[in-house]
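First comes the structure, then the notes that go with it.
The values are calculated or read from the model by the stated rules, or taken from the named source; none is laboratory data. Quantities reported herein were computed from a predicted structural model and do not represent experimental measurements. No Cβ is skipped: glycine too gets one built from the backbone with ideal geometry, and neighbour counts run over all protein chains shown.
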Amino acid sequence: MLREFTCICCPNGCTMEAVVEDGVLTKIAGNLCKRGRTYVEQELIAPTRTISTSVRVDDGELPLVSVRLTAPIPRERIFDAMAEIRKQRLTAPVVTGQVIIKDVLGMQSDVIATKTVRKAEP
Ligand code: SF4
């Protein structure tokens, strides 16, 4: 069976055509590097995704801070993780790299800030 995948490992976003037989990748085209093949193989076994979103910040120079996961999580748990992230409400200052949620839902991935939000000037 011929299937199409878009690699999300880098901004190139290669579109790949993959021949999959009995769940096994037998041929691939369109990937610019070997990470594309690895991505497709992972997608066939246990698809994962990452999250980039934002969290509310009180008393900050900005009302939101951008956050992301430190490692991909199973695709079927994305909505659960988003629900946990939405519960968060921070108070400035928040610094880049600050852990917002450690080991979210026990999935060995932290939610970290990707921006610094200083405390608002009075
Ligand atoms: S196959 Fe390689 S070059 Fe293409 S999107 Fe994936 S990582 Fe980037």
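Brief remarks follow.
- Lone qualifier among 78, 45, 51, 73 - being under 26 Å from residue 105 (Cβ atoms), more than 9 Å from the ligand (Cβ to nearest atom) and exposed (fewer than 12 other Cβ atoms within 10 Å of the Cβ): 45
- Restricting the range 17-33 to residues that are more than 7 Å from the ligand (Cβ to nearest atom) and of a type in the set (A, V, I, L, M) leaves a set whose member that is modelled with the lowest pLDDT is 24.
- Test: residue 89 is more than 16 Å from the ligand (Cβ to nearest atom), closer than 30 Å to residue 122 by Cβ and either out of contact with any Ser or Thr (no Cβ under 6 Å at 6 or more places or on another chain) or of a type in the set (Phe, Trp, Tyr) (or both): yes
- The requirement of being outside any helix (DSSP H, G or I) and more than 15 Å from residue 53 (Cα to Cα) is fulfilled somewhere in the range 83-91, by at least one residue.
- Screening residue 36 with (1) touching a strand residue (DSSP E or B) at 6+ places or on another chain (Cβ under 7 Å); (2) part of a loop (DSSP other than H, G, I, E, B) gives one miss only, at (2).
- Note on the range 60-70: among residues that are surrounded by 14 or more Cβ atoms within 10 Å (Cβ to Cβ) and assigned to a loop (DSSP other than H, G, I, E, B), the one that is nearest to the chain's Cα centre (by Cα) is 70.
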